[in-house]
1. Go through the range 31-65 and count every residue that is outside any helix (DSSP H, G or I), out of contact with any Pro (no Cβ under 9 Å at 6 or more places or on another chain), crowded, with 19+ Cβ neighbours inside 10 Å and of a type in the set (D, E, K, R).
2. Can I367 be described as crowded, with 21+ Cβ neighbours inside 10 Å, touching a Gly at 6+ places or on another chain (Cβ under 7 Å), on the phi < 0 side of the Ramachandran plot and hydrophobic (A, V, I, L, M, F, W, C)?
3. For the range 45-59, enumerate the residues that are of a type outside the set (D, E, K, R) and farther than 18 Å from E385 by Cα.
4. Residues of the range 250-285 being touching a residue at least 24 places away in the same chain (Cβ under 8 Å), more than 14 Å from the ligand (Cβ to nearest atom), among the hydrophobic types (A, V, I, L, M, F, W, C) and more than 15 Å from D421 (Cα to Cα), which ones?
5. Name the one entry in K36, K11, K108 that is basic (K, R) and modelled with pLDDT of 95 or more.
6. What's the total number of residues in the range 283-304 that are part of a helix (DSSP H, G or I) and either under 20 Å from the mean Cα position of the chain (by Cα) or aliphatic (A, V, I, L, M) (or both)?
7. So which of T258, T312, T340 ends up being surrounded by fewer than 19 Cβ atoms within 10 Å (Cβ to Cβ) and either in contact with a strand residue (DSSP E or B) (Cβ under 6 Å, 6 or more places away or on another chain) or part of a helix (DSSP H, G or I) (or both)?
Amino acid sequence: MWEASSRVAAKEPHDNTELIRQILQLRAEQAALLGKANFADVVLERRMAKTGDRALKFIEDLQARAAGKFTEDTEELESFKAKQTGLAASYLSPWEISYWSEKLRQSKYAFDEEELRLYFPMNRVIEGLFDLVNRVFGLVVEAVPVGEVEVWNPGVLFYKLKNTAGVHLGSFYSDWYPRESKRSGAWMNYLRTGDVQPGTKREPHLGLICGNMTPPADERPALLTHREVETVFHEFGHLLHHLLGEVEIKSLNGVNVTWDFVELPSQIMENWCWERESLDLFARHHESGAAIPEELFAKMIAAKNFRSATATMRQVSFAKMDLLMHIRTNDIIATDNIETTVREAIKDCLVRTEPKTPTASRRFNHIFSDPVGYAAGYYSYKWAEVLDADAFTRFQKEGVFNAQTGADFVNKILSRGNSADPMQLFRDFMGREPDLQALLVRSGLAA
Ligand SMILES: [Zn+2]
(Lines give C-alpha, C1' and ligand atoms only; values in the text may rest on other atoms or scores of the structure.)
Protein backbone atom coordinates (compact mmCIF):
# COMPACT_ATOMS: atom_id res chain seq x y z
CA MET A 1 0.00 0.00 0.00
CA TRP A 2 2.76 2.43 0.91
CA GLU A 3 4.66 1.77 -2.29
CA ALA A 4 1.55 2.25 -4.38
CA SER A 5 0.59 5.45 -2.60
CA SER A 6 4.09 6.88 -2.95
CA ARG A 7 3.76 6.55 -6.72
CA VAL A 8 0.54 8.57 -6.92
CA ALA A 9 1.04 11.39 -9.43
CA ALA A 10 4.67 10.34 -9.82
CA LYS A 11 4.48 7.76 -12.57
CA GLU A 12 3.53 8.00 -16.25
CA PRO A 13 0.91 8.51 -17.58
CA HIS A 14 -0.06 10.38 -14.41
CA ASP A 15 3.22 12.07 -13.50
CA ASN A 16 2.50 15.64 -12.39
CA THR A 17 6.09 16.87 -12.69
CA GLU A 18 5.62 18.86 -15.89
CA LEU A 19 2.36 20.38 -14.65
CA ILE A 20 4.13 21.56 -11.51
CA ARG A 21 6.93 23.05 -13.58
CA GLN A 22 4.38 24.91 -15.68
CA ILE A 23 2.32 26.15 -12.74
CA LEU A 24 5.40 27.40 -10.90
CA GLN A 25 6.67 29.08 -14.07
CA LEU A 26 3.36 30.89 -14.62
CA ARG A 27 3.24 32.01 -11.00
CA ALA A 28 6.78 33.39 -11.30
CA GLU A 29 5.77 35.25 -14.47
CA GLN A 30 2.76 36.70 -12.71
CA ALA A 31 4.99 37.90 -9.87
CA ALA A 32 7.39 39.55 -12.35
CA LEU A 33 4.49 41.34 -14.07
CA LEU A 34 3.41 42.68 -10.70
CA GLY A 35 6.92 43.87 -9.90
CA LYS A 36 7.52 41.32 -7.15
CA ALA A 37 10.62 39.22 -6.62
CA ASN A 38 8.60 35.99 -6.41
CA PHE A 39 5.11 34.55 -6.09
CA ALA A 40 5.35 34.20 -2.31
CA ASP A 41 5.77 37.97 -2.05
CA VAL A 42 2.66 38.47 -4.20
CA VAL A 43 0.52 36.28 -1.96
CA LEU A 44 1.95 37.35 1.38
CA GLU A 45 1.89 41.10 0.79
CA ARG A 46 -1.67 41.05 2.15
CA ARG A 47 -1.05 38.50 4.89
CA MET A 48 0.47 38.93 8.29
CA ALA A 49 3.89 37.60 7.29
CA LYS A 50 4.16 40.24 4.49
CA THR A 51 7.01 38.55 2.56
CA GLY A 52 8.09 35.07 1.56
CA ASP A 53 11.45 35.54 3.24
CA ARG A 54 9.83 36.37 6.54
CA ALA A 55 7.59 33.30 6.41
CA LEU A 56 10.59 31.14 5.49
CA LYS A 57 12.63 32.58 8.32
CA PHE A 58 9.80 31.71 10.72
CA ILE A 59 9.63 28.13 9.45
CA GLU A 60 13.41 27.68 9.56
CA ASP A 61 13.51 29.02 13.08
CA LEU A 62 10.88 26.48 14.10
CA GLN A 63 12.86 23.75 12.34
CA ALA A 64 16.05 24.65 14.19
CA ARG A 65 14.28 24.67 17.54
CA ALA A 66 12.52 21.34 17.01
CA ALA A 67 15.55 19.59 15.48
CA GLY A 68 17.03 18.16 18.69
CA LYS A 69 13.79 16.59 19.91
CA PHE A 70 13.02 15.39 16.40
CA THR A 71 16.24 13.34 16.36
CA GLU A 72 15.42 12.03 19.84
CA ASP A 73 11.95 10.94 18.66
CA THR A 74 13.48 9.01 15.77
CA GLU A 75 16.20 7.37 17.84
CA GLU A 76 13.70 6.42 20.51
CA LEU A 77 11.49 4.69 17.97
CA GLU A 78 14.42 2.86 16.35
CA SER A 79 15.66 1.53 19.65
CA PHE A 80 12.13 0.64 20.78
CA LYS A 81 11.69 -1.52 17.71
CA ALA A 82 15.13 -3.08 18.23
CA LYS A 83 14.23 -3.97 21.80
CA GLN A 84 10.87 -5.43 20.86
CA THR A 85 12.19 -7.53 17.97
CA GLY A 86 15.63 -8.44 19.31
CA LEU A 87 17.21 -7.08 16.13
CA ALA A 88 19.95 -4.43 15.92
CA ALA A 89 18.66 -0.85 15.79
CA SER A 90 18.39 0.47 12.24
CA TYR A 91 16.38 2.91 10.16
CA LEU A 92 12.72 1.97 10.00
CA SER A 93 10.87 1.39 6.75
CA PRO A 94 8.42 4.20 5.98
CA TRP A 95 5.44 1.84 6.16
CA GLU A 96 6.15 0.65 9.69
CA ILE A 97 6.52 4.02 11.41
CA SER A 98 2.85 4.35 12.37
CA TYR A 99 2.77 0.77 13.62
CA TRP A 100 5.79 1.13 15.92
CA SER A 101 4.85 4.56 17.14
CA GLU A 102 1.41 3.28 18.15
CA LYS A 103 3.08 0.39 20.03
CA LEU A 104 5.42 2.85 21.72
CA ARG A 105 2.53 5.15 22.63
CA GLN A 106 0.68 2.26 24.24
CA SER A 107 3.74 1.20 26.19
CA LYS A 108 4.44 4.72 27.48
CA TYR A 109 0.89 5.90 28.12
CA ALA A 110 -1.55 3.10 28.76
CA PHE A 111 -4.30 5.53 28.02
CA ASP A 112 -7.65 4.88 26.46
CA GLU A 113 -9.18 8.03 25.01
CA GLU A 114 -12.61 6.43 25.28
CA GLU A 115 -12.28 6.64 29.08
CA LEU A 116 -12.37 10.41 28.79
CA ARG A 117 -15.69 10.40 26.94
CA LEU A 118 -17.56 9.64 30.15
CA TYR A 119 -16.55 13.10 31.37
CA PHE A 120 -17.81 14.97 28.32
CA PRO A 121 -21.61 14.76 28.04
CA MET A 122 -22.60 17.21 25.29
CA ASN A 123 -25.09 19.25 27.34
CA ARG A 124 -22.62 19.77 30.11
CA VAL A 125 -19.87 20.76 27.67
CA ILE A 126 -22.13 23.36 26.08
CA GLU A 127 -23.23 24.71 29.47
CA GLY A 128 -19.59 24.83 30.57
CA LEU A 129 -18.61 26.68 27.41
CA PHE A 130 -21.34 29.28 28.00
CA ASP A 131 -20.28 29.59 31.62
CA LEU A 132 -16.67 30.09 30.52
CA VAL A 133 -17.44 32.86 28.02
CA ASN A 134 -19.57 34.49 30.68
CA ARG A 135 -16.70 34.58 33.16
CA VAL A 136 -13.96 35.43 30.71
CA PHE A 137 -15.63 37.60 28.08
CA GLY A 138 -18.65 38.90 30.01
CA LEU A 139 -21.14 37.31 27.62
CA VAL A 140 -24.57 35.90 28.36
CA VAL A 141 -25.93 33.13 26.13
CA GLU A 142 -29.69 32.69 26.26
CA ALA A 143 -31.42 29.69 24.70
CA VAL A 144 -34.52 30.78 22.78
CA PRO A 145 -37.43 28.42 23.62
CA VAL A 146 -38.00 25.74 21.00
CA GLY A 147 -40.73 26.76 18.57
CA GLU A 148 -40.19 30.51 18.85
CA VAL A 149 -37.76 30.62 15.94
CA GLU A 150 -38.12 28.51 12.81
CA VAL A 151 -35.37 25.91 12.37
CA TRP A 152 -34.58 23.39 9.57
CA ASN A 153 -34.35 20.33 11.79
CA PRO A 154 -35.72 19.47 15.24
CA GLY A 155 -32.14 19.08 16.53
CA VAL A 156 -31.29 22.70 15.72
CA LEU A 157 -31.26 25.17 18.60
CA PHE A 158 -31.32 28.95 18.53
CA TYR A 159 -29.58 31.30 20.97
CA LYS A 160 -29.15 34.99 21.70
CA LEU A 161 -25.79 36.38 22.76
CA LYS A 162 -25.82 39.46 24.98
CA ASN A 163 -23.26 41.38 26.98
CA THR A 164 -23.70 41.82 30.73
CA ALA A 165 -25.39 45.20 30.12
CA GLY A 166 -28.10 43.29 28.22
CA VAL A 167 -27.18 44.55 24.75
CA HIS A 168 -28.15 41.99 22.10
CA LEU A 169 -24.88 41.43 20.19
CA GLY A 170 -25.94 38.58 17.96
CA SER A 171 -27.82 35.32 17.58
CA PHE A 172 -26.83 31.91 16.38
CA TYR A 173 -28.11 28.49 15.41
CA SER A 174 -26.37 25.33 16.57
CA ASP A 175 -26.66 22.05 14.68
CA TRP A 176 -24.35 19.49 16.25
CA TYR A 177 -25.39 15.99 15.24
CA PRO A 178 -24.93 14.04 12.01
CA ARG A 179 -27.73 13.07 9.67
CA GLU A 180 -27.90 11.59 6.19
CA SER A 181 -28.06 14.80 4.18
CA LYS A 182 -25.42 16.71 6.13
CA ARG A 183 -21.88 17.36 5.00
CA SER A 184 -19.09 16.04 7.26
CA GLY A 185 -16.82 18.01 9.57
CA ALA A 186 -17.51 21.01 11.77
CA TRP A 187 -17.80 24.63 10.73
CA MET A 188 -19.05 28.12 11.43
CA ASN A 189 -20.91 30.26 8.91
CA TYR A 190 -21.93 33.84 9.22
CA LEU A 191 -25.42 34.36 7.90
CA ARG A 192 -25.89 38.05 8.44
CA THR A 193 -23.65 40.92 9.45
CA GLY A 194 -25.56 43.60 11.30
CA ASP A 195 -25.14 47.29 10.62
CA VAL A 196 -22.81 48.61 13.29
CA GLN A 197 -22.09 52.33 13.51
CA PRO A 198 -20.22 52.80 16.77
CA GLY A 199 -21.99 55.14 19.13
CA THR A 200 -25.20 55.33 17.13
CA LYS A 201 -26.37 51.95 15.92
CA ARG A 202 -25.82 48.29 16.56
CA GLU A 203 -27.83 45.63 14.77
CA PRO A 204 -27.20 42.09 16.03
CA HIS A 205 -25.19 39.72 13.84
CA LEU A 206 -26.34 36.23 12.95
CA GLY A 207 -24.28 33.04 12.66
CA LEU A 208 -24.37 29.27 12.72
CA ILE A 209 -22.22 26.51 14.19
CA CYS A 210 -22.42 22.99 12.85
CA GLY A 211 -20.76 19.71 13.59
CA ASN A 212 -21.08 15.96 13.40
CA MET A 213 -20.51 15.05 17.02
CA THR A 214 -21.14 11.64 18.56
CA PRO A 215 -24.95 11.58 18.92
CA PRO A 216 -26.89 10.30 21.94
CA ALA A 217 -27.65 6.55 21.81
CA ASP A 218 -30.58 4.77 23.50
CA GLU A 219 -30.25 5.47 27.21
CA ARG A 220 -26.90 7.21 26.98
CA PRO A 221 -26.51 10.96 26.51
CA ALA A 222 -24.17 12.24 23.76
CA LEU A 223 -20.65 11.64 25.13
CA LEU A 224 -17.90 13.47 23.27
CA THR A 225 -14.26 12.65 22.74
CA HIS A 226 -11.81 15.26 23.96
CA ARG A 227 -11.05 16.15 20.33
CA GLU A 228 -14.76 16.79 19.74
CA VAL A 229 -14.86 19.06 22.78
CA GLU A 230 -11.94 21.02 21.33
CA THR A 231 -13.85 21.26 18.03
CA VAL A 232 -16.93 22.70 19.76
CA PHE A 233 -14.74 25.32 21.46
CA HIS A 234 -12.89 26.01 18.22
CA GLU A 235 -16.02 26.71 16.18
CA PHE A 236 -17.44 28.79 19.00
CA GLY A 237 -14.29 30.96 18.78
CA HIS A 238 -14.98 31.63 15.09
CA LEU A 239 -18.57 32.41 16.00
CA LEU A 240 -17.54 34.95 18.67
CA HIS A 241 -15.23 36.61 16.15
CA HIS A 242 -18.29 37.26 13.98
CA LEU A 243 -20.90 38.05 16.65
CA LEU A 244 -18.70 40.43 18.63
CA GLY A 245 -17.69 42.48 15.58
CA GLU A 246 -17.81 46.25 16.01
CA VAL A 247 -16.71 47.15 12.50
CA GLU A 248 -18.44 49.88 10.51
CA ILE A 249 -17.69 48.31 7.13
CA LYS A 250 -19.51 44.98 6.95
CA SER A 251 -17.06 43.28 4.60
CA LEU A 252 -14.29 43.80 7.15
CA ASN A 253 -16.21 42.33 10.09
CA GLY A 254 -15.34 39.20 12.03
CA VAL A 255 -13.64 36.35 10.25
CA ASN A 256 -12.92 38.38 7.09
CA VAL A 257 -9.27 38.60 8.10
CA THR A 258 -6.05 37.26 6.59
CA TRP A 259 -5.47 33.51 6.43
CA ASP A 260 -2.64 33.55 8.90
CA PHE A 261 -4.76 35.38 11.50
CA VAL A 262 -8.22 33.83 11.14
CA GLU A 263 -7.49 30.81 13.36
CA LEU A 264 -6.34 32.86 16.34
CA PRO A 265 -9.83 33.41 17.84
CA SER A 266 -10.80 29.78 17.26
CA GLN A 267 -7.62 28.01 18.29
CA ILE A 268 -7.18 30.06 21.43
CA MET A 269 -10.48 28.61 22.70
CA GLU A 270 -9.00 25.09 22.55
CA ASN A 271 -6.52 26.04 25.27
CA TRP A 272 -9.33 26.11 27.84
CA CYS A 273 -9.87 22.41 27.10
CA TRP A 274 -6.42 21.60 28.52
CA GLU A 275 -6.36 23.66 31.72
CA ARG A 276 -7.32 21.84 34.90
CA GLU A 277 -9.20 24.84 36.25
CA SER A 278 -11.40 25.34 33.21
CA LEU A 279 -11.86 21.62 32.50
CA ASP A 280 -13.39 21.27 35.94
CA LEU A 281 -16.14 23.66 34.84
CA PHE A 282 -17.52 21.33 32.23
CA ALA A 283 -15.72 17.97 32.35
CA ARG A 284 -17.90 15.99 34.74
CA HIS A 285 -18.72 12.31 34.78
CA HIS A 286 -22.12 11.92 33.12
CA GLU A 287 -23.46 9.76 35.96
CA SER A 288 -21.53 10.63 39.12
CA GLY A 289 -20.74 14.28 38.33
CA ALA A 290 -17.11 13.70 39.42
CA ALA A 291 -14.28 15.72 37.89
CA ILE A 292 -11.61 13.97 35.78
CA PRO A 293 -9.37 12.01 38.20
CA GLU A 294 -5.89 13.48 38.57
CA GLU A 295 -4.25 10.33 37.21
CA LEU A 296 -6.31 10.37 34.02
CA PHE A 297 -5.68 14.09 33.58
CA ALA A 298 -1.91 13.58 33.92
CA LYS A 299 -1.99 10.83 31.30
CA MET A 300 -4.00 12.98 28.95
CA ILE A 301 -1.46 15.81 29.22
CA ALA A 302 1.54 13.50 28.82
CA ALA A 303 0.04 11.74 25.81
CA LYS A 304 -0.70 15.08 24.14
CA ASN A 305 2.92 15.73 23.32
CA PHE A 306 3.89 12.22 22.29
CA ARG A 307 6.20 12.58 19.23
CA SER A 308 5.21 16.21 18.88
CA ALA A 309 8.61 17.14 17.42
CA THR A 310 7.96 14.68 14.62
CA ALA A 311 4.49 16.09 14.01
CA THR A 312 5.91 19.62 14.01
CA MET A 313 8.66 18.66 11.60
CA ARG A 314 6.14 17.14 9.21
CA GLN A 315 4.29 20.46 9.03
CA VAL A 316 7.61 22.29 8.72
CA SER A 317 8.58 20.06 5.78
CA PHE A 318 5.35 20.91 3.90
CA ALA A 319 5.63 24.62 4.66
CA LYS A 320 9.27 24.78 3.68
CA MET A 321 8.73 22.87 0.44
CA ASP A 322 5.85 25.20 -0.44
CA LEU A 323 7.81 28.38 0.32
CA LEU A 324 10.98 27.27 -1.47
CA MET A 325 9.01 26.38 -4.60
CA HIS A 326 7.45 29.85 -4.58
CA ILE A 327 10.57 31.80 -3.64
CA ARG A 328 13.39 30.01 -5.46
CA THR A 329 11.12 29.08 -8.34
CA ASN A 330 13.57 29.65 -11.17
CA ASP A 331 16.30 27.52 -9.61
CA ILE A 332 13.86 24.72 -8.94
CA ILE A 333 12.14 24.57 -12.30
CA ALA A 334 15.49 24.75 -14.10
CA THR A 335 16.57 21.41 -12.66
CA ASP A 336 15.98 18.12 -14.48
CA ASN A 337 14.41 16.45 -11.50
CA ILE A 338 12.24 18.72 -9.40
CA GLU A 339 11.55 15.99 -6.85
CA THR A 340 15.27 15.39 -6.19
CA THR A 341 15.97 19.11 -5.84
CA VAL A 342 13.05 19.71 -3.50
CA ARG A 343 13.83 16.65 -1.44
CA GLU A 344 17.44 17.71 -1.00
CA ALA A 345 16.27 21.14 0.24
CA ILE A 346 14.01 19.70 2.95
CA LYS A 347 15.81 16.46 3.77
CA ASP A 348 16.60 17.50 7.34
CA CYS A 349 12.87 17.74 8.08
CA LEU A 350 12.11 14.19 6.94
CA VAL A 351 12.23 11.13 9.16
CA ARG A 352 15.23 9.00 8.13
CA THR A 353 13.98 5.74 6.64
CA GLU A 354 15.13 2.86 4.48
CA PRO A 355 14.10 3.18 1.68
CA LYS A 356 13.85 6.97 1.55
CA THR A 357 10.41 8.55 1.32
CA PRO A 358 9.55 10.67 -1.69
CA THR A 359 8.17 14.14 -0.93
CA ALA A 360 4.53 15.06 -1.44
CA SER A 361 5.53 17.60 -4.11
CA ARG A 362 3.68 15.92 -6.98
CA ARG A 363 0.44 15.45 -5.07
CA PHE A 364 0.49 18.58 -2.99
CA ASN A 365 -3.17 19.52 -3.54
CA HIS A 366 -3.00 22.34 -1.02
CA ILE A 367 -0.75 24.37 -3.27
CA PHE A 368 -1.43 23.10 -6.80
CA SER A 369 -5.14 22.28 -7.10
CA ASP A 370 -6.28 25.89 -7.10
CA PRO A 371 -5.08 29.17 -8.68
CA VAL A 372 -3.73 30.23 -5.28
CA GLY A 373 -5.20 28.12 -2.46
CA TYR A 374 -2.51 27.45 0.11
CA ALA A 375 0.31 28.31 -2.31
CA ALA A 376 3.02 30.08 -0.29
CA GLY A 377 0.56 29.85 2.60
CA TYR A 378 1.03 26.41 4.15
CA TYR A 379 3.14 28.02 6.88
CA SER A 380 -0.03 29.67 8.21
CA TYR A 381 -1.03 26.51 10.10
CA LYS A 382 2.00 26.82 12.37
CA TRP A 383 1.93 30.62 12.32
CA ALA A 384 -1.61 30.61 13.72
CA GLU A 385 -0.57 28.15 16.42
CA VAL A 386 2.17 30.53 17.49
CA LEU A 387 -0.39 33.33 17.76
CA ASP A 388 -2.86 31.40 19.88
CA ALA A 389 -0.25 29.74 22.11
CA ASP A 390 1.43 33.08 22.68
CA ALA A 391 -1.78 35.05 23.27
CA PHE A 392 -3.00 32.41 25.73
CA THR A 393 0.08 32.97 27.91
CA ARG A 394 -1.56 36.21 29.04
CA PHE A 395 -4.47 34.17 30.41
CA GLN A 396 -2.07 31.69 32.00
CA LYS A 397 -0.24 34.52 33.74
CA GLU A 398 -3.25 36.66 34.63
CA GLY A 399 -5.72 33.84 35.30
CA VAL A 400 -7.64 31.62 32.89
CA PHE A 401 -10.90 33.23 34.06
CA ASN A 402 -9.51 36.77 34.27
CA ALA A 403 -12.30 39.04 33.02
CA GLN A 404 -9.99 42.00 32.46
CA THR A 405 -7.75 39.96 30.14
CA GLY A 406 -10.89 38.62 28.47
CA ALA A 407 -12.27 42.12 27.93
CA ASP A 408 -8.95 43.12 26.42
CA PHE A 409 -9.12 40.18 24.01
CA VAL A 410 -12.64 41.21 22.98
CA ASN A 411 -11.77 44.88 22.55
CA LYS A 412 -8.44 44.43 20.81
CA ILE A 413 -8.96 41.29 18.73
CA LEU A 414 -12.48 39.81 18.58
CA SER A 415 -14.40 43.03 17.96
CA ARG A 416 -11.96 44.47 15.44
CA GLY A 417 -12.31 42.09 12.47
CA ASN A 418 -10.09 43.26 9.64
CA SER A 419 -10.36 46.95 10.50
CA ALA A 420 -6.65 47.23 11.31
CA ASP A 421 -3.46 45.41 10.36
CA PRO A 422 -3.52 42.03 12.18
CA MET A 423 0.02 42.49 13.46
CA GLN A 424 -1.17 45.75 15.02
CA LEU A 425 -4.12 43.97 16.65
CA PHE A 426 -1.81 41.33 18.06
CA ARG A 427 0.57 44.01 19.37
CA ASP A 428 -2.36 45.87 20.92
CA PHE A 429 -3.26 42.77 22.91
CA MET A 430 0.21 41.46 23.78
CA GLY A 431 2.23 44.69 23.79
CA ARG A 432 4.75 43.08 21.43
CA GLU A 433 5.07 40.92 18.32
CA PRO A 434 4.38 37.15 18.49
CA ASP A 435 6.99 34.95 20.14
CA LEU A 436 7.57 31.35 19.07
CA GLN A 437 8.54 30.20 22.54
CA ALA A 438 5.00 29.68 23.84
CA LEU A 439 4.20 27.15 21.12
CA LEU A 440 7.42 25.25 21.83
CA VAL A 441 6.52 25.07 25.50
CA ARG A 442 2.96 23.96 24.79
CA SER A 443 4.22 21.23 22.44
CA GLY A 444 6.75 19.98 24.97
CA LEU A 445 9.67 21.13 22.79
CA ALA A 446 11.00 23.64 25.30
CA ALA A 447 10.74 24.14 29.03
ZN1 LIG B 1 -11.00 27.07 12.28
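The values are calculated or read from the model by the stated rules, or taken from the named source; none is laboratory data. Being a predicted model, the structure only gives us computed values, none of them experimental. Note: ideal-geometry Cβ built from the backbone for every residue, glycine included; neighbour counts use all protein chains shown.
1. 0
2. Details: crowded, with 21+ Cβ neighbours inside 10 Å: yes; touching a Gly at 6+ places or on another chain (Cβ under 7 Å): yes; on the phi < 0 side of the Ramachandran plot: yes; hydrophobic (A, V, I, L, M, F, W, C): yes.
Answer is yes for this residue.
3. The initial filter retains those residues of the range 45-59 that are of a type outside the set (D, E, K, R), namely 48-49, 51-52, 55-56, 58-59.
Result: T51, G52.
4. Matches in the range 250-285: W272, C273, W274, L281, F282, A283.
5. Values: K11 fails: modelled with pLDDT of 95 or more; K108 fails: modelled with pLDDT of 95 or more.
Only one candidate qualifies: K36.
6. At the first step, the residues of the range 283-304 found to be part of a helix (DSSP H, G or I) are 294-304.
Subsequent filtering for residues that are either under 20 Å from the mean Cα position of the chain (by Cα) or aliphatic (A, V, I, L, M) (or both) retains 296, 298, 300-304.
Summing the residues that are part of a helix (DSSP H, G or I) and either under 20 Å from the mean Cα position of the chain (by Cα) or aliphatic (A, V, I, L, M) (or both) in the range 283-304 gives 7.
7. Going through T258, T312, T340 in turn, the sole match is T340.
Residue by residue, here is whether (1) over 26 Å from the mean Cα position of the chain (by Cα); (2) assigned by TED's automatic domain parsing to the domain that holds P215 holds:
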{"site": "D53", "(1), (2)": "no, no"}
{"site": "L77", "(1), (2)": "yes, no"}
{"site": "L92", "(1), (2)": "yes, no"}
{"site": "K103", "(1), (2)": "yes, no"}
{"site": "I126", "(1), (2)": "no, yes"}
{"site": "V133", "(1), (2)": "no, yes"}
